[in-house]
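Working notes for the structure below.
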Amino acid sequence: QVQLVESGGGLVQAGGSLRLSCTASGTAFNLQYMGWYRQAPGKQRDMVARISRGGITIYADSVKGRFTISRDNAKNTVYLQMNTLKPEDTAVYYCGATRYIAMEFWGKGTLVTVSS
């Protein structure tokens, strides 16, 4: 099993920045993809960004140019640098990880609130 622990959420004004971190523990040595998803109140959970073990990244159109995902395989950690935050970025952000394609493991989430 793999455990994921997120950190770095909080309250920020529009235009500000936050950096999220997620560290995997347990049998985390063969995670092919790690990523960030978010869920706003009353909405479904959507992908924000994901990164392969080799560093290939995919972003949701809504965050391209503002968010950057990165990964440290030695530390089993994935990061999400969020710049130029907007009120519509407000959501609970979840870290996900998988040995395959679809996410298998999830963190408990960290709340990001962007005030206008």
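Numbers below:
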read-out	value
The lone exception for G26 - which of (1) surrounded by 17 or more Cβ atoms within 10 Å (Cβ to Cβ); (2) modelled with pLDDT under 95 it fails	(1)
Residue that is nearest to G16 (Cα to Cα) [pool: residues in the range 62-88 that are of a type in the set (D, E, K, R) and out of contact with any Leu (no Cβ under 9 Å at 6 or more places or on another chain)]	K86
Residue selected from the range 100-116 under the condition closer than 15 Å to R45 by Cβ and outside any strand (DSSP E or B), by the criterion least open to solvent (accessible area, probe 1.4 Å)	G107
Candidates A49, A97 - the one that is of a type in the set (G, A, S), touching a helix residue (DSSP H, G or I) at 6+ places or on another chain (Cβ under 8 Å), surrounded by 14 or more Cβ atoms within 10 Å (Cβ to Cβ) and not in a loop (DSSP other than H, G, I, E, B)	A49
Number of the condition not met by G55 [criteria: (1) assigned to a loop (DSSP other than H, G, I, E, B); (2) of a type outside the set (F, W, Y); (3) under 26 Å from A14 (Cα atoms)]	(3)
Count of residues meeting criterion [among the basic types (K, R) and either assigned to a loop (DSSP other than H, G, I, E, B) or more than 15 Å from the chain's Cα centre (by Cα) (or both)] in the range 65-77	2
Per-region count, the range 61-77, residues over 19 Å from T110 (Cα atoms) and either of a type outside the set (D, E, K, R) or open to solvent by less than 10 Å² (accessible area, probe 1.4 Å) (or both)	4
Filter result (open to solvent by 10 Å² or more (accessible area, probe 1.4 Å), β-branched (V, I, T) and either without any contact (Cβ under 8 Å) to a residue 12 or more places away in the chain or part of a strand (DSSP E or B) (or both)) within the range 78-94	V92
Among the residues listed as S62, S21, the single one being farther than 24 Å from R99 by Cβ, in contact with an Asp or Glu (Cβ under 9 Å, 6 or more places away or on another chain) and not in a loop (DSSP other than H, G, I, E, B)	S62
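The values are calculated or read from the model by the stated rules, or taken from the named source; none is laboratory data. Since this is a predicted model, take the numbers as computed values, not measurements. Note that we place each Cβ from the backbone using ideal geometry, even for glycine, and neighbour counts take in every protein chain shown. Quick note on the areas: whole protein, heavy atoms, side chains included, nothing else; ligands and nucleic acids left out. Shrake-Rupley method; radii C 1.70, N 1.55, O 1.52, S 1.80 Å.
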